[in-house]
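Below you'll find the structure, written out as structure tokens, and then a few comments.
The values are calculated or read from the model by the stated rules, or taken from the named source; none is laboratory data. Quick caveat: nothing in here was measured; it's all calculated off a predicted structure. Cβ: placed from backbone, ideal geometry, glycine included. Neighbour counts: every protein chain shown.
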Amino acid sequence: MSIDKDKIKHVSKLARISVDEKKIDDLTKDLSSIFKFIEQLNELNTDKVEPLSSILNEPLRSRKDEINDGKIRDKILENSPKKNEEFFVVPKVIE
Amino acid sequence: MVGKVMTKEKRKYLIEGEKGKWEVVIGLEVHAQVSSNSKLFSGSSTKFGAEPNTQVSLVDSAFPGMLPVINEFCIQQAIKTGLGLNAKINSYSVFDRKNYFYADLPQGYQISQYKNPIVGEGKITLDLPNGTKTIGIERLHLEQDAGKSIHDLDPSNTYVDLNRSGVALMEIVSKPDLSSPDEVNAYIKKLRSIMRYLGTCDGNMQEGSLRADVNVSVRKEGNKELGTRCEIKNVNSIKFMQMAIIYEAQRQVELLESGKSIDQETRLFDTKKNETRSMRSKEDAHDYRYFPDPDLLPLNLDKELIENIKKNLPELPDQKKERFIKDYSLTAYEANVLVSEKEISYYFEEVVKTSDIKLAKNWIMGDLFASLNEKNISISQSPVTAKKMAQLVDSISSGIVSGRTAKEVFEIMKESGEEPSKIIESKGLQQKSDPKELEQIIEKILTENKDKVEQYKSGKDKLFGFFVGQVMKISGGKANPQLANQILKDKLKK
């Protein structure tokens, strides 16, 4: 995969990480070499190998359908930068 | 939009453009809220209508270090729904992260299933006016709902309520097999009915328990290739789905006929303006960067669990329909109506347990449905319970009241919920079925109308109706009509 300036801009936008315009060239170079390194893995033939979702060979733990949480509004809202008594308050987002 | 009319030719829904006829191809992604007490990955309640942010745990609000633990009941509900859709249950499925930023998605990703959903291909049979049609199901997967953004409480801010955040949804994806707004209507209703029979989703669209993304494309009539589609997001009523499809298909036809192409994009249906428009904010949104959620192991299902759920499935609408046709000699149409909702089918069976089938079905599908429509209530809210309906039907079949008087009784029942026997007694509505009493009335009528009797006997048959009318008038409508007819015929012969 080739990493160019546009790719860096696109990914940083998706990840909501602001990237200094001056650093983009360096970043492009660094990431390209990292990808090149990783891409050596592509030399392996994995045609008949199922993608691995977890390295643990254990069953998924589950819980019963019981209500035993919630009712902690003050605690939930406590760390919000902006709030009122009932809601998180965020800048207007509207379509 | 002038001069373009939808036609229903050869059973087909077509849009007449200036340069030919166009077919519409529709696929639905239905989001159905799983009926469960607690959320998919936390122990918070899912109850609708609670105070904002009171049904939110640290998991639902994505505090650092919190881990999701799956609700086993939600897994069972998904399997049950899959079996109800005649679908393949996958013994191996994986939870993935679907990454996007939005204020009401505190995790920054939605836990969903991408490559390996819990349920694979299935099908739904629709009963349409001109026969049945099978709609393919592509898949069903489990995922988290997002929170709710409220835009109208503050002019410059958006308020976020996370009560819904983390509630379990089943996303049910159809194949692009639907080809008209009417079919979409039938599909949603059938799907909802199946889930209600199963108890896996309450299907309440007002409360948002059932919503759909609608994929629409058009193609020249007879063309086999699919056109470029647009996805209309989050439509929450059948009527709006139909309106959105009609608008969107027309828009696409106009674009294509003027030589332009369709951009594959996400659109929004504006219910006030009745139009769809592009959601520019979603331009990057299709770059979801799915990957398996490292917080959750793959889900392996026991064959035994699946078999067990299969064994305990309730009778579903299609099976019930077959049985109703066989056991109660109903027409396909009648059976369809009576199984369309679980509660209606229970009501019907409760009534016919003791009472006449033909009368029961006519009363339920006639007067009862009319009263439900009029009051906009469901059958389970009806003051006329199945038991009372059975009593009313019995009083007709045993001759206590005539069909016409029964309607009078029903009018009172539907308001007060009173028992029919009490209404009949207190209003003195019992039919006069005593032959002697009727004979007296008839004798009197005949002597008072000698001229008409003469005319009748000389061949004016139509006068029979006059005599019947007189009997009813004098008896206050309470004469048993069959008996009155019989006696009249006998007397007039002599």
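Can you tell me which residues in segment A:59-75 are facing another protein chain (nearest Cβ under 7 Å) and in a loop (DSSP other than H, G, I, E, B)?
A:Pro59, A:Leu60, A:Arg61, A:Lys64, A:Asp65, A:Glu66, A:Ile67, A:Asn68, A:Asp69, A:Gly70, A:Lys71
Tell me yes or no: at least one residue of segment B:72-83 is modelled with pLDDT of 95 or more, buried (at least 23 other Cβ atoms within 10 Å of the Cβ) and assigned to a loop (DSSP other than H, G, I, E, B).
So far as segment B:72-83 goes, no, none of its residues is modelled with pLDDT of 95 or more, buried (at least 23 other Cβ atoms within 10 Å of the Cβ) and assigned to a loop (DSSP other than H, G, I, E, B).
Does any residue of segment A:20-40 turn out to be within 25 Å of the chain's Cα centre (by Cα) and facing chain B (nearest Cβ under 9 Å)?
no
On the given criteria, is B:Pro420 touching a Gly at 6+ places or on another chain (Cβ under 6 Å), assigned by TED's automatic domain parsing to the domain that holds B:Lys358, surrounded by 13 or more Cβ atoms within 10 Å (Cβ to Cβ) and in contact (Cβ under 8 Å) with a residue 24 or more places away in the chain?
no
Grab the helices (runs of 4 or more DSSP H) fully contained in segment B:322-412, keeping just those with 1 or more residues being under 21 Å from the mean Cα position of the chain (by Cα) and either among the basic types (Lys, Arg) or surrounded by fewer than 15 Cβ atoms within 10 Å (Cβ to Cβ) (or both).
By residue number, B:332-339, B:342-354, B:357-363, B:369-375.
Give segment B:170-218 a look and list any residue that's closer than 28 Å to A:Asp65 by Cα, outside any helix (DSSP H, G or I), touching a helix residue (DSSP H, G or I) at 6+ places or on another chain (Cβ under 9 Å) and of a type in the set (Gly, Ala, Ser), or say none.
B:Gly199, B:Gly203, B:Ala212, listed by residue number.
Looking at segment B:307-319, which of its residues are in a helix (DSSP H, G or I) and either among the aromatic types (Phe, Trp, Tyr) or in contact (Cβ under 8 Å) with a residue 60 or more places away in the chain (or both)?
B:Ile309, B:Lys310, B:Pro317, B:Asp318
Might you let me know whether segment B:289-296 holds any residue that is surrounded by 13 or more Cβ atoms within 10 Å (Cβ to Cβ), within 14 Å of chain A (Cβ to nearest Cβ), touching a Ser or Thr at 6+ places or on another chain (Cβ under 7 Å) and closer than 30 Å to B:Ser93 by Cβ?
Among the residues of segment B:289-296, at least one is surrounded by 13 or more Cβ atoms within 10 Å (Cβ to Cβ), within 14 Å of chain A (Cβ to nearest Cβ), touching a Ser or Thr at 6+ places or on another chain (Cβ under 7 Å) and closer than 30 Å to B:Ser93 by Cβ, which makes the answer yes.
Is it true that B:Val25 is in a strand (DSSP E or B), touching an Asp or Glu at 6+ places or on another chain (Cβ under 9 Å), at pLDDT 95 or above and aliphatic (A, V, I, L, M)? Show your work before the answer.
Details: in a strand (DSSP E or B): yes; touching an Asp or Glu at 6+ places or on another chain (Cβ under 9 Å): yes; at pLDDT 95 or above: yes; aliphatic (A, V, I, L, M): yes.
Yes: the conditions hold for B:Val25.
Which residues, counting only those in segment B:64-96, are of a type outside the set (Gly, Ala, Ser), closer than 19 Å to A:Arg63 by Cβ and more than 8 Å from every other protein chain (Cβ to nearest Cβ)?
Within segment B:64-96, B:Met66, B:Leu67, B:Pro68, B:Gln76, B:Gln77, B:Ile79, B:Lys80, B:Phe95 meet the criteria.
Determine, yes or no, whether B:Val253 is in the same structural domain as B:Glu143 (by TED's automatic domain parsing) and closer than 20 Å to B:Leu142 by Cα. Even if it seems obvious, please write down each step before you answer.
Working: in the same structural domain as B:Glu143 (by TED's automatic domain parsing): yes; closer than 20 Å to B:Leu142 by Cα: no.
The answer is no for B:Val253.
I want to confirm something. Restricting to segment A:76-92 and keeping residues that are at the interface with another protein chain (Cβ under 7 Å from one of its Cβ atoms) and either in contact (Cβ under 8 Å) with a residue 60 or more places away in the chain or not in a strand (DSSP E or B) (or both), which single residue is farthest from the chain's Cα centre (by Cα)?
A:Glu86
Could you please let me know if B:Glu315 is closer than 30 Å to B:Glu415 by Cβ and either at pLDDT below 95 or under 19 Å from the mean Cα position of the chain (by Cα) (or both)?
When the stated conditions are applied, B:Glu315 does not pass them.
Would you point out which residue out of B:Ser36, B:Ser42 is in contact with a Leu (Cβ under 9 Å, 6 or more places away or on another chain), among the hydroxyl-bearing types (Ser, Thr, Tyr) and within 14 Å of chain A (Cβ to nearest Cβ)?
B:Ser42
With the condition kept exactly as written, say whether any residue in segment A:42-58 is over 21 Å from the mean Cα position of the chain (by Cα), surrounded by 13 or more Cβ atoms within 10 Å (Cβ to Cβ), within 14 Å of another protein chain (Cβ to nearest Cβ) and not in a helix (DSSP H, G or I).
Looking for residues that are over 21 Å from the mean Cα position of the chain (by Cα), surrounded by 13 or more Cβ atoms within 10 Å (Cβ to Cβ), within 14 Å of another protein chain (Cβ to nearest Cβ) and not in a helix (DSSP H, G or I), one finds none in segment A:42-58, hence no.
If A:Arg73 satisfies every condition in (1) surrounded by 15 or more Cβ atoms within 10 Å (Cβ to Cβ); (2) under 23 Å from the mean Cα position of the chain (by Cα) but one, which is the exception?
Tallying (1) surrounded by 15 or more Cβ atoms within 10 Å (Cβ to Cβ); (2) under 23 Å from the mean Cα position of the chain (by Cα), A:Arg73 fails exactly one: (2).
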